[in-house]
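Accompanying notes for the structure given below.
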Amino acid sequence: MAEDRVSGALQLSYRIAEIRSGDEERIDSSFLRLYKVRLSKDVTSTVNFTGSFDLSEQETNEVKTTSQIPELRLTVCSDVVNGNVGYRLVEKGLHGLTTASDEERRTTESWNVDLATAALERTRIRMSYRRDRDYDYLPVRSTDTLKDDWFWTIDHEVMDSLSVGYSLRLRESQDLAADVRQDYQSNEGWLRFNDRYLDDELAISGSYTHTVSETDISVGSTPYDVETQVAPLAGLGRETTPGAGIALDPLGALIDGDLKSSVGFNIGGAGNTDRNLGLDLNRATRVDELRVYTTDATFTPADYTWALYSSDDGVFWSQISASASFVYDDEKDYFAITVPGVEKRYLKVVNTTNDATVSPIYVTEIEAYSLEPHAADSSDSDMAVTKNIQLNMNYRPKEWLQLSYDMSQIRRMEEAGADEVRHDTHNAGVRVSHNLGAYVTATGQYQRRLETQTGELDRTSDSYLANLLAQPMETLDVDLSLSRVDSREGSQEVSSNSVAQMHVGALLRKGAQLDVESGLSVNENFQSDAVTTARNLDTSLRLELTRSLTADLIHDMSWTETEQASNVTRGRTSFSKLALYYRPSRVLYLRGSYSLDQDHITGVETTRQECTLGWLLTRKLQLDTGWSLERNGSEKKIFNVDLAWTLSRMLNLRFGYDWTWHQADILTEVHQYSMDLSAKF
């Protein structure tokens, strides 16, 4: 039976901040009104209609911005076909039903059709079409783009372990304001297999893909730069700049294509600087622009400074610019940071300054682009043929022995009759794991990677790993690992990295847990003739003093030493922290901490004192408050209060007060008051 469902939401948010910085004083205010209505109707048992309308109005310091988003969608789900048809309109700068000035208005329209078969058991056929139109209302438009994208694909399962497929993509992009047109066509066929042999001891999978693509570009009377996104191998990140010779951490969320979800790095508010965001491009690649996407927030981009770095190995970084030029796109929420024609494998940016009055502003993604200039009144056509072979083998003849091999072979021809550009990668490894006794497990691993590419030296790396995991008693765990990676280009050694790590976890008694972790790493870079030695010793002790009181004691120490030519650079830091957690009842929670961060070489010390309180006053009233004091040559104090009131199942009210006091070269003081009312039905 057909069913109608109607839902909606309302949010009213008001902020006012009194800011005093030196002799300057100002008042910032913002008022956000957000309305949402959604209707869903089951037309039949297989057909559903959904309609929604979002209206957003925000006034910031008497500057009004609006957004109206109606959306219509029809979804079909049956035994024969699945699909949906949709239309979405985003109107910015339209105040209610009145027309705003041409400078403020902007319209984005999107149509889509998606269809997929469901009746065929071994054959899947899918078709999709999308059209996007984006334009402004200036007398001479600066933005006016139209994109049409068609995609067809068919995938047939010949047998359980073998499938074949074909896809066709047609894309037409027009920049009507610049009189530029791009046509793209791609034909791709593939063969894939996946099977197991020898009683599932041997697993083999692989694929062959053949792709023919063609791109035609036509430029009008104005020169035009065509941008191409550079596909990275890995995203890299770290919340503080590591010492010399220490690589950034892998961060896959930085390159997952999700431009809305935070990766956990806050770059807004006092103290949230020195965030390292980078890319591994797999090989030396020309990049002209890096884009750092952020969550939607109102802040001052001019307060930011981005330092730009490059590296050949991802360990030793060279600064390109202490203050790279950039612009912020407030429509798409990203920093566009200019890279001055650098061709390196690794790139990273670091925010050395930020807008200290606004928090949080989270990073969501990082992208790299290259720009290819085209002259006025010109046309160009590019054709590429790509052949890609992949093979993966995993053989486990014994429980304690595992052999693996994987190979990737890419052949690419840029134009008819031209020489093929090849890129081959081979990985071979052996892994042995064996129980030496009832409480000890030993693991050894060796892996060799060979990478070859036309016009470049072969790159080879050998990786060794030995690991010992012991549990001599139920209350004691010991983990010891030794690893080494040797890298070469051609016959020349490039770098060598050796690491030794040990972790001990001990339950001293009930309610007392001790963890000790130590490490030693030696990184030799033979190209720059630099050797970096890093040591660390980290200890933490958790004590459950009573049923309601818990204490954490942390003490970390690290030493670094870099020798390059006749220059020796040393570093020594330590971090100590005491934290107490007190929960006398289910409705009251207290937390206090004191920490000391020291740089023993420069003599810089940072102390932090923090205290938070969470109190459920009634079933519908929650109070949260916090206070912190930080000293490191300057002094910073923060106090905040948040009161949440659940008026009913549909209605919530929240009051907030934040005070920030920062004494550095000048005194900055911020008082911010906020109120949020939200309702849903």
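Data table
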quantity: Of all residues in region 217-232 being hydrophobic (A, V, I, L, M, F, W, C) and surrounded by 15 or more Cβ atoms within 10 Å (Cβ to Cβ), the one that is modelled with the lowest pLDDT; calculated: 226
quantity: Some residue of region 112-128 being among the small types (Gly, Ala, Ser), surrounded by fewer than 16 Cβ atoms within 10 Å (Cβ to Cβ) and part of a strand (DSSP E or B); calculated: yes
quantity: Selection from region 316-343 of residues that are crowded, with 20+ Cβ neighbours inside 10 Å and at pLDDT below 90; calculated: 316, 317
quantity: Test: residue 646 is hydroxyl-bearing (Ser, Thr, Tyr) and in contact with a Leu (Cβ under 7 Å, 6 or more places away or on another chain); calculated: no
quantity: Verdict on residue 203 being of a type in the set (Gly, Ala, Ser), assigned by TED's automatic domain parsing to the domain that holds residue 218 and under 25 Å from residue 374 (Cβ atoms); calculated: no
quantity: Options 408, 461, 487, 496; residue that is over 30 Å from residue 540 (Cβ atoms), in contact (Cβ under 8 Å) with a residue 40 or more places away in the chain and either surrounded by 14 or more Cβ atoms within 10 Å (Cβ to Cβ) or in contact with a strand residue (DSSP E or B) (Cβ under 6 Å, 6 or more places away or on another chain) (or both); calculated: 487
quantity: Options 361, 366, 389: the member that is in the same structural domain as residue 208 (by TED's automatic domain parsing) and either in contact with a strand residue (DSSP E or B) (Cβ under 8 Å, 6 or more places away or on another chain) or under 22 Å from residue 257 (Cβ atoms) (or both); calculated: 389
quantity: Residue in region 369-392 that is out of contact with any helix residue (DSSP H, G or I) (no Cβ under 6 Å at 6 or more places or on another chain), closer than 30 Å to residue 435 by Cβ, not in a loop (DSSP other than H, G, I, E, B) and not β-branched (Val, Ile, Thr) present; calculated: yes
quantity: Test: residue in region 282-303 that is over 23 Å from residue 60 (Cβ atoms), assigned by TED's automatic domain parsing to the domain that holds residue 336 and part of a loop (DSSP other than H, G, I, E, B); calculated: no
quantity: Residue 214 being farther than 30 Å from residue 398 by Cα and modelled with pLDDT of 90 or more; calculated: yes
quantity: Residue match in region 187-194 (condition: within 30 Å of the chain's Cα centre (by Cα), surrounded by 14 or more Cβ atoms within 10 Å (Cβ to Cβ), part of a strand (DSSP E or B) and free of Cβ contacts under 8 Å to residues at least 40 places away in the same chain); calculated: yes
quantity: Selection status of residue 336, outside the structural domain of residue 202 (by TED's automatic domain parsing), within 30 Å of residue 60 (Cα to Cα) and either assigned to a loop (DSSP other than H, G, I, E, B) or without any contact (Cβ under 8 Å) to a residue 12 or more places away in the chain (or both); calculated: no
quantity: Selected residue (only one of 259, 277 is among the hydrophobic types (A, V, I, L, M, F, W, C), in a strand (DSSP E or B) and either touching a Leu at 6+ places or on another chain (Cβ under 7 Å) or at pLDDT 85 or above (or both)); calculated: 277
quantity: Looking only at region 411-442, and only at residues there that are exposed (fewer than 15 other Cβ atoms within 10 Å of the Cβ) and acidic (Asp, Glu), the one that is farthest from residue 465 (Cα to Cα); calculated: 415
quantity: Search result, residues across region 395-450 that are charged (D, E, K, R) and in a strand (DSSP E or B); calculated: 396, 398, 406, 411, 412, 422, 424, 431, 448, 449
quantity: Filtered residues of region 154-186 (kept if farther than 30 Å from residue 377 by Cβ and within 34 Å of the chain's Cα centre (by Cα)); calculated: 154, 155, 163, 164, 165, 166, 167, 168
quantity: Some residue of region 339-351 being closer than 29 Å to residue 268 by Cβ, in the same structural domain as residue 318 (by TED's automatic domain parsing), acidic (Asp, Glu) and not in a loop (DSSP other than H, G, I, E, B); calculated: no
quantity: Options 113, 76; residue that is modelled with pLDDT under 95, over 25 Å from residue 142 (Cβ atoms) and assigned by TED's automatic domain parsing to the domain that holds residue 42; calculated: 76
quantity: Some residue of region 369-387 being crowded, with 19+ Cβ neighbours inside 10 Å and closer than 23 Å to residue 250 by Cα; calculated: no
quantity: Which numbered condition residue 672 misses (of (1) assigned to a strand (DSSP E or B); (2) without any contact (Cβ under 8 Å) to a residue 60 or more places away in the chain); calculated: (2)
quantity: Within region 262-274, tally of residues that are polar (S, T, N, Q), within 15 Å of residue 240 (Cβ to Cβ) and in a loop (DSSP other than H, G, I, E, B); calculated: 2
quantity: Filter result for residue 583 (surrounded by fewer than 16 Cβ atoms within 10 Å (Cβ to Cβ), farther than 30 Å from residue 30 by Cβ, among the charged types (D, E, K, R) and at pLDDT below 95); calculated: no
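The values are calculated or read from the model by the stated rules, or taken from the named source; none is laboratory data. Being a predicted model, the structure only gives us computed values, none of them experimental. Reconstructed Cβ throughout: ideal geometry from the backbone, glycine too, with neighbour counts over all protein chains shown.
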